[in-house]
1. Can you find even one residue in region 3-20 that is free of Cβ contacts under 8 Å to residues at least 12 places away in the same chain and outside any helix (DSSP H, G or I)?
2. Among the residues of region 62-98, what is the count of those that are farther than 21 Å from LYS29 by Cβ, at pLDDT below 75 and not basic (Lys, Arg)?
3. Show the residue pairs meeting these rules: Cβ distance below 8 Å; 6+ apart or different chains; first residue within region 45-68 and in contact (Cβ under 8 Å) with a residue 40 or more places away in the chain; second residue outside any loop (DSSP other than H, G, I, E, B) and β-branched (Val, Ile, Thr).
4. Which of the residues that make up region 22-45 are surrounded by 10 or more Cβ atoms within 10 Å (Cβ to Cβ) and in a loop (DSSP other than H, G, I, E, B)?
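The values are calculated or read from the model by the stated rules, or taken from the named source; none is laboratory data. Quantities reported herein were computed from a predicted structural model and do not represent experimental measurements. Here the Cβ is made from the backbone with ideal geometry for all residues, glycine too, and neighbour counts use every protein chain on show.
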Amino acid sequence: MATADTGKLTAAAMRALACIWRPGFSYKKAGVVFPALTPAAQVQGDLFGRPDTAASQRLMQTLDRLNRRYGRGTVTYGTAGRDQAWSLRREYASARYTTSWQELLEV
């Protein structure tokens, strides 16, 4: 069932991690890809799935409002962690010849 509830998405990710976790192995951060985002009004329900409740929708709207007002990441879920020491690795980024005048090749 489609959802916009970060709590449900986080719980699903934690269940998936529990299935693949093996002690003694090194793990790196990973992302989640949402290839088919659909407006909530267009979500097709099914017999067994439970759609987002009104309380869940209000919670997500409140989190979004707080983060918009006080800055991204002000309010997060505890599973996201507090200290995010990592950052984007840019040493392998390609030049932006087609989008940045400063990086345009000179002949």
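1. Within region 3-20 (the criterion being free of Cβ contacts under 8 Å to residues at least 12 places away in the same chain and outside any helix (DSSP H, G or I)), the answer is no, since none of the residues qualifies.
2. Residues flagged as farther than 21 Å from LYS29 by Cβ, at pLDDT below 75 and not basic (Lys, Arg) within region 62-98 amount to 4.
3. Cβ pairs passing all conditions: MET60/THR6; LEU63/THR6.
4. THR38, VAL43, GLY45
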